[in-house]
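Working notes, beginning with the structure itself.
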């Protein structure tokens, strides 16, 4: 499986008036993430499925992946909290994206690559992407590339 772990794009600031789960993407967040989508498209990436946290900013980020998505958008509670190996084992498809939040995306990357869900050594920037390949289980995936929100990725560079 090719698995893309994606942190949601830049969202509205936290505040007492706005519940965390209802924070939407900002104009800047949408614009920057569209550049990420364009970079992924130029590299030929497509998704069978896009799983996302049910929180609004993750849903909106997942919706921006539409030009790359051949399958359904799937709301997944497993992306709105610490990584659970059972969630990742349940993923379906060969080319899958998961859109979620920090610190859990870093913890998921750590879990899937080294078997330990302590991702303090890496923090995803908002709109950042990690490309993994392998079986979605602890220590069973290899990190193929990290794509910062303003970065570019070429499959020629990573194959």
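The values are calculated or read from the model by the stated rules, or taken from the named source; none is laboratory data. A quick note: this is a predicted structure, and the numbers were derived from the prediction, not measured. Here the Cβ positions follow ideal geometry from the backbone for every residue, glycine too, while neighbour counts run over all protein chains shown.
Return yes when residue 60 is farther than 24 Å from residue 135 by Cα, buried (at least 17 other Cβ atoms within 10 Å of the Cβ) and in contact (Cβ under 8 Å) with a residue 24 or more places away in the chain and no when it is not.
yes
Among the residues of the range 110-130, is any outside any helix (DSSP H, G or I), at pLDDT 95 or above and under 19 Å from residue 49 (Cβ atoms)?
Looking through the range 110-130, at least one residue is outside any helix (DSSP H, G or I), at pLDDT 95 or above and under 19 Å from residue 49 (Cβ atoms).
Which one is farthest from residue 136 (Cα to Cα) among residues in the range 96-109 that are touching a residue at least 60 places away in the same chain (Cβ under 8 Å) and assigned to a helix (DSSP H, G or I)?
105
Any idea which of (1) in a helix (DSSP H, G or I); (2) in contact with a helix residue (DSSP H, G or I) (Cβ under 8 Å, 6 or more places away or on another chain) is the one residue 9 doesn't satisfy?
Unmet condition: (1).
Of all residues in the range 68-86, count the ones that are farther than 11 Å from residue 53 by Cβ and assigned to a loop (DSSP other than H, G, I, E, B).
Selection size over the range 68-86: 6.
From the list 149, 67, 82, 136, exactly one residue is surrounded by 13 or more Cβ atoms within 10 Å (Cβ to Cβ) and at pLDDT 95 or above. Which is it?
Every option except 136 fails the conditions.
Inspect the range 48-56 for any residue being more than 26 Å from residue 120 (Cα to Cα), touching a strand residue (DSSP E or B) at 6+ places or on another chain (Cβ under 8 Å) and either modelled with pLDDT of 95 or more or part of a helix (DSSP H, G or I) (or both) and give the result as yes or no.
Checked the range 48-56: at least one residue is more than 26 Å from residue 120 (Cα to Cα), touching a strand residue (DSSP E or B) at 6+ places or on another chain (Cβ under 8 Å) and either modelled with pLDDT of 95 or more or part of a helix (DSSP H, G or I) (or both).
Return the total of residues in the range 102-133 being closer than 15 Å to residue 8 by Cα, touching a helix residue (DSSP H, G or I) at 6+ places or on another chain (Cβ under 6 Å) and crowded, with 18+ Cβ neighbours inside 10 Å.
Residues meeting the conditions: 3.
Please give the number of the condition residue 21 fails out of (1) surrounded by fewer than 18 Cβ atoms within 10 Å (Cβ to Cβ); (2) in a loop (DSSP other than H, G, I, E, B); (3) touching a helix residue (DSSP H, G or I) at 6+ places or on another chain (Cβ under 7 Å).
Result: residue 21 passes all but (2).
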